[in-house]
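Worksheet: the structure to be examined is printed underneath.
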Amino acid sequence: MVEPEDRWRRIFPMSFVFCINIVLGNVSLRFIPVSFMQTIKSFTPATTVVLQWLVWRKHFDWRIWASLIPIVGGILLTSVTELSFNMFGFCAALFGCLATSTKTILAESLLHGYKFDSINTVYYMAPFATMILGLPAMLVEGNGVINWFHTHESVWPAVIIIFSSGVMAFCLNFSIFYVIHSTTAVTFNVAGNLKVAVAVLVSWLIFHNPISAMNAVGCAITLVGCTFYGYVRHMLSQQSPPPGTPRTPRTPRNRMELLPLVNDKLDDKV
């Protein structure tokens with residue numbers, strides 16, 4: 001059981017940033033294409049490292065900084081040829097990038113500092129997210145929902161779609177928190193960039209979507225950068241950190257470490 005004070009101080013901020021991230025992402029897609037949004041989102045690993053270094057005073061080895069250059073640069077090359085600039089959409093995507101970094105950092109702090117597991121995190125975050133988005137949703141989309149009910153005879157197709165969307169959203173959030181719990185916020189965002197590169201390659205291999213030479217080079221650079229990042233993380237995990245260096249959370253090694261210990265707080269809270 002989590003104390004009410006800790007819910008508002010620890011979980012509510014992450015839920016709020018989580019909702020802001022969703023809203024900004026949807027707003028940006030109204031004004032800019034997906035490729036441009038992915039270009040801006042490619043900076044998320046870098047902004048995550050910078051925010052943790054500036055705000056949370058977390059130390060990163062220089063090789064981590066160096067590995068982010070091909071990861072970010074590769075995705076830029078992958079999507080830069082399809083840019084369609086819109087200032088409002090650009091600002092929404094840029095602040096969404098910062099919100100994504102902040103969300104993953106807060107999630108890492110909660111999952112490692114409070115030893116939450118993925119289910120606990122979704123369980124405690126969902127009510128706050130519903131509360132935050134519920135009222136704006138009714139004000140912005142309430143009339144549209146009422147009109148839809150009046151113009152359609154059966155509501156079951158919509159109910160099935162909404163329910164299925166909720167199930168998929170739960171699976172997505174569970175997997176996000178599981179990855180952050182098992183690794184770090186930076187690793188999660190690096191995996192996000194890897195996903196973009198793989199999606200481009202798969203679309204070319206399976207659906208034969210045309211890609212330019214620059215897109216292909218960008219995908220290759222991103223894959224190399226992600227491989228280098230994984231190698232650096234592995235090498236650093238084998239080394240003993242210097243005295244006074246903040247420890248980076250590691251992957252749990254057994255089932256007991258995955259059990260929820262929501263009352264077992266660390267003395268040095270992040």
Report MET131's accessible area, 1.4 Å probe, all protein chains in place, as a number in Å² to the nearest 10. 100 Å²
What list of ³J(HN,Hα) couplings, whole Hz, do you get for the stretch 4-15 from phi and the Karplus terms 6.51, -1.76, 1.60, once you set θ to phi - 60° and write x for glycine and proline? x, 4, 5, 4, 6, 7, 9, 8, 4, x, 5, 5
Residues of the stretch 90-127 with backbone nitrogen within less than 13 Å of a virtual label 7 Å along the Cα-to-Cβ line of LEU133, please, listed as ranges. 125-127
What list of ³J(HN,Hα) values in whole Hz, one per residue of the stretch 226-232 in order, does the Karplus curve 6.51 cos²θ - 1.76 cosθ + 1.60 (θ = phi - 60°) give from phi, with Gly and Pro shown as x? 5, 5, 5, 4, x, 5, 5
How much of the accessible area of the stretch 1-154, probe 1.4 Å, is carbon plus sulfur, in whole percent? 70 percent
If you plug each phi of the stretch 89-95 into the Karplus form 6.51 cos²θ - 1.76 cosθ + 1.60 with θ = phi - 60°, what whole-Hz ³J(HN,Hα) values come out, in order, with x for Gly and Pro? x, 4, 5, 4, 5, 5, 5
Suppose accessible area is computed on protein heavy atoms with a 1.4 Å probe; arrange PHE90, PHE228, PHE18, PHE207 from highest to lowest. PHE207, PHE228, PHE90, PHE18
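The values are calculated or read from the model by the stated rules, or taken from the named source; none is laboratory data. The structure presented is a predicted model; accordingly, all values stated were derived computationally and were not measured. Backbone-built Cβ (ideal geometry, glycine too); neighbour counts: all protein chains shown. Surface accessibility is based on the protein's heavy atoms, side chains included, excluding ligands, DNA and RNA. Shrake-Rupley method; radii C 1.70, N 1.55, O 1.52, S 1.80 Å.
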